[in-house]
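The values are calculated or read from the model by the stated rules, or taken from the named source; none is laboratory data. Predicted model only: the values in this text are computed from it and were never measured. Glycine gets a Cβ as well: all are built from the backbone with ideal geometry, and neighbour counts include every protein chain shown.
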Amino acid sequence: MPRLKQIETFVAVATKGSLTAAALAEGVAPAVIGRRMDALEERLGVKLLLRTTRRVTLTHEGSAFLEDCQRLVVDFNNAEASVSAGGVKASGHLRVTAPAGFGRRHVAPLVPAFLAQHPEVSLSLNLSDRVVDIVNEGFDCAVRVGDLPDSSLVGVRLADNRRLCVATPEYLRVAGTPQHPSELGRHQCLTLSSDASQTRGWAFQVDGTVTHLRPGGRLDCSDGQVLHAWCLQGLGIAWRSTWEVQADIDAGRLLSVLDDFAAPPNGIYAVFASARHLPLRVRLWIDFIKHSYGDPGYWSR
């Protein structure tokens with residue numbers, strides 16, 4: 001049995017939530033899907049799925065394996081498309097959505113260069129901090145930052161999203177540099193308002209365990225860009241993503257603190273409805289932004 005077919009079937013079962021749904025999409029009997037999953041788990045020597053009569057859930061190993069498999073399927077489809085397309089140029093209208101702050105800094109600036117490479121493509125960019133329903137709202141692709149919820153959408157990891165505590169050298173000179181997350185209670189911390197998306201607080205890895213703190217201070221705001229600006233003014237310590245503050249760190253405008261306690265990164269993803277029959281313009285867009293973010297010097301610009 002082809003190994004790629006097993007992997008494609010695993011992705012289908014994991015994203016659709018059941019053997020029956022995956023079988024229906026492919027037009028085969030659920031027993032066929034079940035045999036493929038049995039063969040894959042036997043070959044790998046690990047349990048990937050926990051199955052019941054109604055649905056399946058991923059094991060820890062299955063969750064880790066899924067992301068690599070999704071990327072493999074997308075890369076394989078892209079390789080086929082590049083050959084089958086031959087000299088055909090990408091064309092048509094591309095609709096993309098991204099979070100407002102990240103989109104302004106790291107999606108919108110890439111659009112002109114992408115369109116210059118593909119003159120027969122037009123593009124609409126929607127910037128919104130709500131989670132856009134890309135299927136029902138007619139978007140081809142979403143760029144999302146952070147952990148992806150379980151869904152039927154396909155996600156391709158574009159880059160790591162690391163978060164650090166940062167402050168100006170002047171603030172740290174006056175207030176002191178915290179040596180442990182527990183010391184943040186003695187500092188002015190610039191936090192997102194309670195009605196914003198950062199509901200769990202700031203994440204740190206302490207003694208091998210990720211913990212969340214909700215430090216306080218005199219200032220909070222629902223807009224991360226404002227927190228960044230306040231931090232640059234020396235008003236306190238902020239917990240920001242490296243995509244936002246790396247250039248400030250490299251220039252010495254901000255210093256990172258508590259690096260030894262930084263939580264593991266989550267991801268920056270391109271998300272779309274299905275890898276099957278993905279239009280060439282969408283494949284090329286995802287490849288373009290992934291290549292851009294993969295440049296080691298990109299985040300310092």
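Worth a mention:
- Set V282, V271: member being in contact (Cβ under 8 Å) with a residue 24 or more places away in the chain, in a helix (DSSP H, G or I) and within 30 Å of G92 (Cβ to Cβ): V282
- Listed here are the helices (runs of 4 or more DSSP H) enclosed by the range 46-121 that have at least 3 residues being surrounded by 14 or more Cβ atoms within 10 Å (Cβ to Cβ) and at pLDDT below 80: 60-84.
- Test: S292 is polar (S, T, N, Q) and assigned to a helix (DSSP H, G or I): yes
- Being over 13 Å from V257 (Cα atoms), in contact with a helix residue (DSSP H, G or I) (Cβ under 8 Å, 6 or more places away or on another chain) and charged (D, E, K, R) holds for only one residue in R163, R157, R214, and it is R157.
- The range 231-247, residues that are surrounded by fewer than 18 Cβ atoms within 10 Å (Cβ to Cβ) and either of a type in the set (A, V, I, L, M, F, W, C) or part of a helix (DSSP H, G or I) (or both): L232, A247
- For the range 206-254, filtering for residues that are within 16 Å of F102 (Cβ to Cβ) and among the aromatic types (F, W, Y) leaves 2.
- Residue within the range 19-37 that is within 22 Å of N266 (Cα to Cα) and either of a type in the set (S, T, N, Q) or outside any helix (DSSP H, G or I) (or both) present: no
- Scanning the range 259-287 for residues being more than 30 Å from G201 (Cα to Cα) and surrounded by fewer than 16 Cβ atoms within 10 Å (Cβ to Cβ) gives a total of 3.
- Checking F272, F261 one by one, the residue that is more than 24 Å from G176 (Cα to Cα) and in contact with a strand residue (DSSP E or B) (Cβ under 9 Å, 6 or more places away or on another chain) is F272 and no other.
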